[in-house]
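The values are calculated or read from the model by the stated rules, or taken from the named source; none is laboratory data. Everything quoted here is computed from the prediction, not taken from an experiment. Cβ sites come from the backbone with ideal geometry, for glycine too, and all protein chains shown count toward neighbours.
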Amino acid sequence: MNSYDVIIIGKGPAGISAALYTGRANLKTLVIGTDESSLNKASAIENYYGFEEPISGKALLNAGIKQAIRLGIEVVTAEVLSLAYDGGFTVKSVEKEYKSRALLLSSGQPHQTVKILGLSDFEGKGVSYCTTCDGFFYKNLTVGVLGYGNYAIEEAQALETFTKDITIFTNGRELELSQEFLEKASHFKIEKRPVKQLLGDTVLREIVFEDGPIPLRGLFVAYGAASSVDFAVKIGLEVSNNSIVVGVNQQTNLEGVFAAGDCTGGFKQVSTAVGQGAIAGKSIINFLKSK
(Lines give C-alpha, C1' and ligand atoms only; values in the text may rest on other atoms or scores of the structure.)
Protein backbone atom coordinates (compact mmCIF):
# COMPACT_ATOMS: atom_id res chain seq x y z
CA MET A 1 0.00 0.00 0.00
CA ASN A 2 1.44 3.37 -1.04
CA SER A 3 1.73 6.04 1.68
CA TYR A 4 1.60 9.82 1.29
CA ASP A 5 1.67 12.92 3.42
CA VAL A 6 -1.57 14.11 1.82
CA ILE A 7 -4.15 12.61 -0.50
CA ILE A 8 -6.39 14.94 -2.50
CA ILE A 9 -9.61 13.42 -3.81
CA GLY A 10 -10.64 15.41 -6.87
CA LYS A 11 -8.66 16.55 -9.93
CA GLY A 12 -10.50 19.83 -10.45
CA PRO A 13 -9.31 23.41 -9.81
CA ALA A 14 -9.60 23.16 -6.00
CA GLY A 15 -7.68 19.90 -5.71
CA ILE A 16 -4.92 20.84 -8.16
CA SER A 17 -4.56 24.30 -6.62
CA ALA A 18 -4.01 22.73 -3.18
CA ALA A 19 -1.55 20.22 -4.62
CA LEU A 20 0.60 23.02 -6.08
CA TYR A 21 1.16 24.29 -2.54
CA THR A 22 1.67 20.94 -0.79
CA GLY A 23 3.96 19.71 -3.56
CA ARG A 24 6.13 22.82 -3.42
CA ALA A 25 6.36 22.33 0.36
CA ASN A 26 7.94 18.91 -0.30
CA LEU A 27 4.96 17.00 1.01
CA LYS A 28 4.41 13.70 -0.78
CA THR A 29 1.10 14.39 -2.50
CA LEU A 30 -1.33 12.20 -4.41
CA VAL A 31 -4.20 13.67 -6.43
CA ILE A 32 -6.78 11.05 -7.39
CA GLY A 33 -10.10 11.35 -9.21
CA THR A 34 -12.01 10.76 -12.41
CA ASP A 35 -12.24 12.93 -15.53
CA GLU A 36 -15.96 13.63 -15.04
CA SER A 37 -15.72 17.21 -13.79
CA SER A 38 -18.61 19.41 -14.94
CA LEU A 39 -15.93 21.90 -16.01
CA ASN A 40 -15.12 19.54 -18.88
CA LYS A 41 -18.43 20.55 -20.44
CA ALA A 42 -17.74 24.30 -20.36
CA SER A 43 -17.00 25.33 -23.94
CA ALA A 44 -15.69 28.79 -23.05
CA ILE A 45 -14.65 30.46 -19.78
CA GLU A 46 -14.42 34.22 -20.09
CA ASN A 47 -14.36 35.44 -16.48
CA TYR A 48 -11.20 33.80 -15.10
CA TYR A 49 -8.26 36.03 -14.26
CA GLY A 50 -5.27 36.10 -16.62
CA PHE A 51 -6.83 34.89 -19.87
CA GLU A 52 -7.25 37.57 -22.52
CA GLU A 53 -9.13 35.10 -24.75
CA PRO A 54 -11.76 32.56 -23.65
CA ILE A 55 -10.47 29.10 -22.72
CA SER A 56 -12.45 25.86 -22.59
CA GLY A 57 -12.98 24.15 -19.26
CA LYS A 58 -11.23 21.02 -20.52
CA ALA A 59 -8.16 22.98 -21.59
CA LEU A 60 -8.01 24.75 -18.24
CA LEU A 61 -8.24 21.45 -16.36
CA ASN A 62 -5.54 19.85 -18.49
CA ALA A 63 -3.23 22.82 -18.02
CA GLY A 64 -3.59 22.58 -14.23
CA ILE A 65 -2.87 18.85 -14.20
CA LYS A 66 0.23 19.32 -16.39
CA GLN A 67 1.43 22.05 -14.04
CA ALA A 68 1.04 19.69 -11.05
CA ILE A 69 2.87 16.85 -12.79
CA ARG A 70 5.72 19.20 -13.72
CA LEU A 71 6.18 19.87 -9.99
CA GLY A 72 6.46 16.14 -9.29
CA ILE A 73 2.95 15.63 -7.93
CA GLU A 74 1.48 12.19 -8.57
CA VAL A 75 -1.87 12.42 -10.39
CA VAL A 76 -3.94 9.25 -10.76
CA THR A 77 -7.10 8.89 -12.83
CA ALA A 78 -9.29 6.44 -10.93
CA GLU A 79 -12.68 6.20 -9.27
CA VAL A 80 -12.45 6.39 -5.47
CA LEU A 81 -14.78 3.83 -3.89
CA SER A 82 -14.28 4.16 -0.16
CA LEU A 83 -12.57 6.14 2.54
CA ALA A 84 -11.71 5.03 6.08
CA TYR A 85 -10.17 6.75 9.09
CA ASP A 86 -8.25 5.01 11.89
CA GLY A 87 -5.89 7.73 13.01
CA GLY A 88 -4.73 7.95 9.39
CA PHE A 89 -6.66 7.84 6.13
CA THR A 90 -7.09 4.90 3.77
CA VAL A 91 -8.41 5.68 0.30
CA LYS A 92 -9.53 2.78 -1.86
CA SER A 93 -9.85 2.97 -5.63
CA VAL A 94 -10.96 0.25 -8.02
CA GLU A 95 -7.46 -1.22 -8.18
CA LYS A 96 -5.39 0.09 -5.24
CA GLU A 97 -5.37 1.40 -1.69
CA TYR A 98 -3.46 4.45 -0.49
CA LYS A 99 -2.71 5.84 2.98
CA SER A 100 -2.04 9.40 4.13
CA ARG A 101 -1.66 11.61 7.18
CA ALA A 102 -3.92 14.37 5.83
CA LEU A 103 -6.81 14.47 3.40
CA LEU A 104 -8.48 17.02 1.14
CA LEU A 105 -11.96 16.41 -0.27
CA SER A 106 -12.48 18.37 -3.48
CA SER A 107 -14.45 16.14 -5.85
CA GLY A 108 -17.58 18.28 -5.99
CA GLN A 109 -21.15 17.82 -4.89
CA PRO A 110 -23.42 14.92 -5.87
CA HIS A 111 -24.72 15.75 -9.35
CA GLN A 112 -26.68 12.66 -10.34
CA THR A 113 -30.14 12.61 -8.82
CA VAL A 114 -32.67 9.80 -8.88
CA LYS A 115 -36.33 10.64 -9.37
CA ILE A 116 -38.28 7.86 -7.69
CA LEU A 117 -41.64 8.47 -6.05
CA GLY A 118 -41.33 8.07 -2.30
CA LEU A 119 -37.53 8.14 -2.18
CA SER A 120 -37.27 11.36 -0.19
CA ASP A 121 -40.29 10.43 1.96
CA PHE A 122 -38.45 7.42 3.42
CA GLU A 123 -35.06 9.03 3.98
CA GLY A 124 -34.08 8.03 7.50
CA LYS A 125 -36.97 5.53 7.54
CA GLY A 126 -35.54 2.87 5.26
CA VAL A 127 -33.69 4.94 2.67
CA SER A 128 -30.04 5.67 3.50
CA TYR A 129 -26.99 7.13 1.78
CA CYS A 130 -24.40 5.57 4.09
CA THR A 131 -23.83 1.84 4.66
CA THR A 132 -21.19 2.61 7.27
CA CYS A 133 -23.65 4.73 9.26
CA ASP A 134 -26.83 2.66 8.95
CA GLY A 135 -26.01 -0.87 7.82
CA PHE A 136 -26.13 -2.21 11.39
CA PHE A 137 -29.84 -1.36 11.66
CA TYR A 138 -30.71 -3.82 8.89
CA LYS A 139 -29.21 -6.95 10.37
CA ASN A 140 -30.70 -10.04 8.67
CA LEU A 141 -33.28 -7.92 6.80
CA THR A 142 -34.04 -7.66 3.08
CA VAL A 143 -32.13 -4.70 1.68
CA GLY A 144 -31.14 -3.23 -1.66
CA VAL A 145 -28.57 -0.90 -3.18
CA LEU A 146 -29.77 1.59 -5.78
CA GLY A 147 -27.02 1.97 -8.35
CA TYR A 148 -25.31 0.53 -11.38
CA GLY A 149 -21.56 1.18 -11.01
CA ASN A 150 -18.55 0.04 -9.02
CA TYR A 151 -19.61 2.21 -6.07
CA ALA A 152 -22.93 0.33 -5.79
CA ILE A 153 -21.14 -3.03 -5.64
CA GLU A 154 -18.70 -1.68 -3.05
CA GLU A 155 -21.63 -0.59 -0.88
CA ALA A 156 -23.34 -3.96 -1.31
CA GLN A 157 -20.19 -5.70 -0.11
CA ALA A 158 -20.15 -3.48 2.97
CA LEU A 159 -23.72 -4.58 3.74
CA GLU A 160 -22.72 -8.27 3.73
CA THR A 161 -21.46 -7.78 7.29
CA PHE A 162 -25.08 -7.36 8.38
CA THR A 163 -27.25 -9.32 5.94
CA LYS A 164 -26.97 -11.69 3.00
CA ASP A 165 -30.33 -10.75 1.45
CA ILE A 166 -29.04 -7.98 -0.84
CA THR A 167 -30.28 -6.91 -4.28
CA ILE A 168 -28.73 -4.37 -6.64
CA PHE A 169 -31.48 -2.22 -8.19
CA THR A 170 -30.20 -0.49 -11.36
CA ASN A 171 -33.48 1.37 -12.06
CA GLY A 172 -33.53 0.43 -15.73
CA ARG A 173 -29.82 0.95 -16.40
CA GLU A 174 -27.28 -1.63 -17.46
CA LEU A 175 -24.44 -2.32 -15.06
CA GLU A 176 -21.32 -0.23 -15.76
CA LEU A 177 -18.56 -2.11 -13.96
CA SER A 178 -14.83 -2.61 -14.24
CA GLN A 179 -13.63 -6.18 -14.83
CA GLU A 180 -12.83 -6.67 -11.15
CA PHE A 181 -16.30 -5.60 -10.07
CA LEU A 182 -18.06 -7.78 -12.64
CA GLU A 183 -16.91 -10.78 -10.63
CA LYS A 184 -17.95 -9.19 -7.32
CA ALA A 185 -21.40 -8.33 -8.73
CA SER A 186 -22.07 -11.99 -9.51
CA HIS A 187 -22.54 -12.63 -5.77
CA PHE A 188 -25.62 -10.40 -5.63
CA LYS A 189 -29.12 -10.48 -7.06
CA ILE A 190 -29.42 -7.90 -9.85
CA GLU A 191 -32.77 -6.28 -10.63
CA LYS A 192 -32.71 -4.09 -13.75
CA ARG A 193 -36.38 -3.11 -14.01
CA PRO A 194 -37.19 0.61 -13.59
CA VAL A 195 -38.41 1.44 -10.11
CA LYS A 196 -41.89 2.98 -10.00
CA GLN A 197 -42.08 4.00 -6.33
CA LEU A 198 -41.34 3.12 -2.71
CA LEU A 199 -44.14 2.26 -0.30
CA GLY A 200 -44.50 1.70 3.43
CA ASP A 201 -46.06 3.05 6.59
CA THR A 202 -43.80 4.58 9.22
CA VAL A 203 -40.89 2.79 7.53
CA LEU A 204 -40.09 1.42 4.07
CA ARG A 205 -41.87 -1.86 3.30
CA GLU A 206 -41.91 -2.32 -0.49
CA ILE A 207 -40.18 -1.35 -3.71
CA VAL A 208 -42.68 -1.18 -6.56
CA PHE A 209 -42.25 -1.96 -10.28
CA GLU A 210 -44.74 -1.69 -13.11
CA ASP A 211 -45.82 -5.31 -12.59
CA GLY A 212 -46.05 -5.11 -8.80
CA PRO A 213 -44.13 -4.72 -5.52
CA ILE A 214 -41.55 -6.82 -3.73
CA PRO A 215 -40.75 -6.58 0.01
CA LEU A 216 -37.83 -4.35 1.01
CA ARG A 217 -36.81 -2.98 4.40
CA GLY A 218 -33.77 -0.90 3.47
CA LEU A 219 -32.55 0.86 0.33
CA PHE A 220 -29.04 2.31 0.17
CA VAL A 221 -28.53 4.89 -2.56
CA ALA A 222 -25.20 4.61 -4.41
CA TYR A 223 -26.15 6.01 -7.80
CA GLY A 224 -23.22 6.85 -10.07
CA ALA A 225 -19.82 7.58 -8.49
CA ALA A 226 -19.31 8.61 -4.87
CA SER A 227 -18.86 12.33 -4.20
CA SER A 228 -16.92 14.21 -1.53
CA VAL A 229 -20.15 14.59 0.41
CA ASP A 230 -20.70 10.81 0.37
CA PHE A 231 -17.20 10.28 1.79
CA ALA A 232 -17.73 13.05 4.34
CA VAL A 233 -20.81 11.35 5.77
CA LYS A 234 -18.97 8.03 6.11
CA ILE A 235 -16.17 9.43 8.27
CA GLY A 236 -18.39 11.66 10.39
CA LEU A 237 -17.83 15.09 8.90
CA GLU A 238 -20.41 17.78 9.48
CA VAL A 239 -22.63 18.24 6.43
CA SER A 240 -25.33 20.85 5.89
CA ASN A 241 -27.56 21.35 2.83
CA ASN A 242 -25.60 18.70 0.91
CA SER A 243 -22.32 20.57 1.49
CA ILE A 244 -19.34 19.90 3.75
CA VAL A 245 -19.07 22.42 6.58
CA VAL A 246 -15.61 24.04 6.82
CA GLY A 247 -13.97 26.81 8.80
CA VAL A 248 -12.02 29.78 7.47
CA ASN A 249 -8.98 27.56 6.82
CA GLN A 250 -11.04 24.93 4.94
CA GLN A 251 -10.69 22.63 7.98
CA THR A 252 -13.59 20.25 8.68
CA ASN A 253 -14.67 19.06 12.12
CA LEU A 254 -12.26 16.08 11.89
CA GLU A 255 -8.58 16.82 12.47
CA GLY A 256 -6.51 16.36 9.33
CA VAL A 257 -9.45 16.54 6.92
CA PHE A 258 -9.98 19.59 4.74
CA ALA A 259 -12.49 20.37 1.98
CA ALA A 260 -12.51 22.86 -0.88
CA GLY A 261 -14.45 23.69 -4.02
CA ASP A 262 -18.05 22.93 -4.92
CA CYS A 263 -18.44 20.32 -2.17
CA THR A 264 -18.39 23.15 0.39
CA GLY A 265 -21.31 24.98 -1.26
CA GLY A 266 -21.24 28.72 -1.92
CA PHE A 267 -20.32 30.46 -5.17
CA LYS A 268 -19.54 27.74 -7.73
CA GLN A 269 -16.85 29.39 -9.82
CA VAL A 270 -13.36 28.33 -10.89
CA SER A 271 -11.85 31.34 -9.13
CA THR A 272 -13.56 30.39 -5.86
CA ALA A 273 -12.39 26.78 -6.12
CA VAL A 274 -8.79 27.82 -6.86
CA GLY A 275 -8.80 30.22 -3.90
CA GLN A 276 -10.21 27.65 -1.50
CA GLY A 277 -7.71 25.09 -2.79
CA ALA A 278 -4.82 27.47 -2.09
CA ILE A 279 -6.09 28.09 1.45
CA ALA A 280 -6.56 24.35 2.00
CA GLY A 281 -3.06 23.62 0.69
CA LYS A 282 -1.49 26.11 3.09
CA SER A 283 -3.62 24.79 5.98
CA ILE A 284 -2.52 21.22 5.26
CA ILE A 285 1.13 22.32 5.27
CA ASN A 286 0.66 24.01 8.66
CA PHE A 287 -1.21 20.99 10.04
CA LEU A 288 1.46 18.48 9.04
CA LYS A 289 4.30 20.70 10.24
CA SER A 290 2.59 20.94 13.63
CA LYS A 291 2.74 17.14 13.83
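Summary of values
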| item | result |
| --- | --- |
| Qualifying residues in region 22-80 (those that are surrounded by 19 or more Cβ atoms within 10 Å (Cβ to Cβ) and of a type in the set (S, T, Y)) - the one nearest to Y4 (Cα to Cα) | T29 |
| The listed residue being in a loop (DSSP other than H, G, I, E, B), without any contact (Cβ under 8 Å) to a residue 60 or more places away in the chain and hydroxyl-bearing (S, T, Y), out of T161, T167 | T161 |
| Subset tally (residues that are buried (at least 21 other Cβ atoms within 10 Å of the Cβ) and more than 13 Å from L219 (Cα to Cα)) for region 143-180 | 6 |
| Qualifying strands (runs of 3 or more DSSP E) (wholly inside region 11-119; at least 1 residues being under 30 Å from E206 (Cα atoms) and not assigned by TED's automatic domain parsing to the domain that holds T131) | 80-85 |
| Some residue of region 254-265 being more than 27 Å from A25 (Cα to Cα) and of a type in the set (A, V, I, L, M, F, W, C) | no |
| Test: residue in region 86-107 that is touching a Pro at 6+ places or on another chain (Cβ under 9 Å), buried (at least 16 other Cβ atoms within 10 Å of the Cβ), of a type in the set (S, T, Y) and at pLDDT 90 or above | yes |
| Residue list for region 125-156, filter: at pLDDT below 95 and among the polar types (S, T, N, Q) | S128, T131, T132, N150 |
| Some residue of region 165-182 being more than 23 Å from the chain's Cα centre (by Cα) and on the phi < 0 side of the Ramachandran plot | yes |
| Those residues of region 8-28 which are under 14 Å from S283 (Cα atoms) and not charged (D, E, K, R), in sequence order | I8, A14, G15, S17, A18, A19, L20, Y21, T22, G23, A25, L27 |
| Test: residue in region 180-191 that is at pLDDT below 95 and in a loop (DSSP other than H, G, I, E, B) | yes |
| Options L216, L254, L199: the member that is touching a Leu at 6+ places or on another chain (Cβ under 7 Å), assigned by TED's automatic domain parsing to the domain that holds K125, at pLDDT 95 or above and among the aliphatic types (A, V, I, L, M) | L216 |
| Counted residues, region 257-291 - those being within 17 Å of G10 (Cα to Cα) and either part of a loop (DSSP other than H, G, I, E, B) or in contact with a Pro (Cβ under 7 Å, 6 or more places away or on another chain) (or both) | 9 |
